[in-house]
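The values are calculated or read from the model by the stated rules, or taken from the named source; none is laboratory data. Please read all numbers here as calculations on a predicted model, not as lab measurements. Ideal geometry is used to build each Cβ from the backbone, glycine not excepted, and the neighbour counts take in all protein chains shown. Note: accessible area is taken over every heavy atom of the protein model, side chains too, but ligands, DNA and RNA are not part of it. Shrake-Rupley method; radii C 1.70, N 1.55, O 1.52, S 1.80 Å.
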Amino acid sequence: MARHRRGGRQSLLFGVAGVLLGLLAGVGIVTLGTRGGEPAAANRDPAMAGCATTSAVRVVGPEVVRELVADRAAALCLTVDFVAAGGRRGVRASQDADLWVSDSRVWRYARAQDPGAGTSVASSPVVGVMAPDAAGELAPTGTLRWSRLLEADRSARLAFVDPAGTATGLMSAWPLLQAQRAVATKRLQALALTARALATPAFVGEDAVSTPDPGMLVFTGEYLAAASDTATVLRGETSEAYLDFPAYNVATAHETRVLVDSLIRQLASPSASPARAAARLREPDGTARFDTTGLGVAPPRLPLPGRTSSIKLYGLSASGSTPGRILALVDRSGSMAATQPDGTRVFDVVRSTALIAMSTLYDHSSVGVWLCSHDDGHRGHRELVPVTSLGTGRQDIVDAVGSIDVASDPRTDLNRAVLDGYRSLQQTYDPASAQSIIVFTDGSPDRGRLDLATLIHRLKAAQDPDKPIRIIGVAFGADARIAALRAMSDTVGGKSTRVNDPVQLLSVVITVIGETAAAGGGTVA
């Protein structure tokens, strides 16, 4: 029987797929005829010496579950074509798999096809690791107080092991967001302040878990952590997030789905406990069947986030968000000089908001800035900064944005600038990134030659499903008019809203980044 191939493009990336075989389901042991009739005697694995015939399945999962999968597959007379890929990498690789074992259910929402609820086959708390002296300063009680990590003067930089390949970055953000929600007093405040706490993270290798830099708090799965003279393991004071290692049956052929269901039951069963313990993974319910000396006492587990919260975590954490290419259109027409009730100019708030965004977005994003007013040319815009990587040009972008001011002419050609910006991003489209236009304006009527109806018509005509570009409209001030911005966002996708302060704007940006990541608008290498 020929194996049905899926995701041809992913197949090129992740190697030769294993062959699938016909199914004869029995009780206890599943005995299957192999493709081409290869006898099990040809298999070199002693654990399968008693199998009359074997079948093969393609499994995608993080490296830590490789032996667990192999152990339980052998009990079912299965050979495994195992692709080591966790986190967002696993999301991509799972498109060409029969069984997908993720490290966290939060990745379920980043997959184009919903794989279902999944079955937890192991678990591992997310813990912090620090140099002993630094741990004593940050956590004198030996436990992490999440609200302390949200303070601007904390003594440690947050670091994550392989954030694109694990969910530790996402799940580390979860208790921080929960702690911030408990004290936030304004709409969207918790999301923005949590983003500030997670700004400019360090990405480190596994060796940093055993010998962390004195200035870093390294978050990782407990299965990698061990207390020593050079490393102290810290847990949450009242609660902690955890990785739940869900297994998803993503096979398409009926016979193979039955086979994978049997394997998932084996992986989640008590018979898999020795293999879990050997990998230093806990039982699905959190019970540890391995030596936890030096790991501290596990506090209660935080409930896992649902879809809405998971998408916010994508936007909060560099491990979840996709690389972004963002074109910021800043309206600097004369109407932006209007004074708000608190005495500040609308434009001053816009500029401060843009600066906060430029300072908080991750290094893997790129940003360009256009100025929009009638003074800036007959086409309504002037390029202040070309689309530039924040990893190399962040300070130049911040300096340039900090230097701009309101133009003398009260008119704006914002509609023309939006259309030109949309076409510009299309021409330079990067399929590995999420493309967005952010429009900063007070919402005053556009007095240029391109009216809104014509703009909407041309945006519809320019759309390319293979090159999605979102428009994020941000209208400032109590009297801001946002109907035009919402029409633009509704046409091509995105979000438009009225905000009164930079904190709200940052929350909008984070949410859109998360939604774009969930929609598959780009990948993390």
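Structural remarks
- Note, ³J(HN,Hα) from phi for segment 394-401, Karplus 6.51, -1.76, 1.60, rounded to Hz, x at Gly and Pro: 4, 5, 4, 5, 4, 4, 5, 5
- Database remark: amide H of Gly493 closer than 5 angstrom to the amide H of Ile471 (H placed geometrically; neighbours at sequence offset of 5 or more, or on other chains; Pro and chain starts carry no H).
- Between the amide H of Ala226 and any residue lying 5 or more places away or on another chain, no distance stays under 5 Å, with hydrogens modeled in the peptide plane.
- Dividing the Cα radius of gyration of segment 103-149 by 2.2 N^0.38 Å, with N the residue count, gives 1.78.
- Gap separating the Cα centres of segment 411-458 and segment 118-164, nearest whole Å: 42
- Hits among aspartates and glutamates - C-alpha to C-alpha of Lys312 under 16 Å, sequence gap 8 or more where chains match: Glu515
- Per-residue accessible area (protein heavy atoms, 1.4 Å probe) orders Arg481, Arg88, Arg394 as Arg481, Arg394, Arg88, starting from the largest.
- Candidate aspartates and glutamates for bridging to Lys460, where Cα separation is under 17 Å - those fewer than 8 sequence places away on the same chain excluded: Asp420, Asp451, Asp490
- Near Met171: Cβ cut-off under 14 Å, other residues only, Lys/Arg at +1 and Asp/Glu at -1. The net charge is +1.
- With a 1.4 Å probe rolled over the protein heavy atoms of all chains, the accessible area of Ser373, Ser120 falls in the order Ser120, Ser373, largest first.
- Within the assembled protein chains, the solvent-accessible surface assigned to Asp490 is about 130 Å², based on a 1.4 Å probe.
- Trp174 - accessible surface, heavy atoms, 1.4 Å probe, Å² rounded to 10: 10
- Of the residues Thr232, Thr238, the one with the largest accessible area comes first in the ranking Thr238, Thr232, computed with a 1.4 Å probe on protein heavy atoms.
- Rolling a 1.4 Å probe across all protein chains gives Tyr242 an accessible area of roughly 30 Å².
- Area projected by the alpha carbon convex hull of segment 112-259, averaged over all directions, nm²: 10.9
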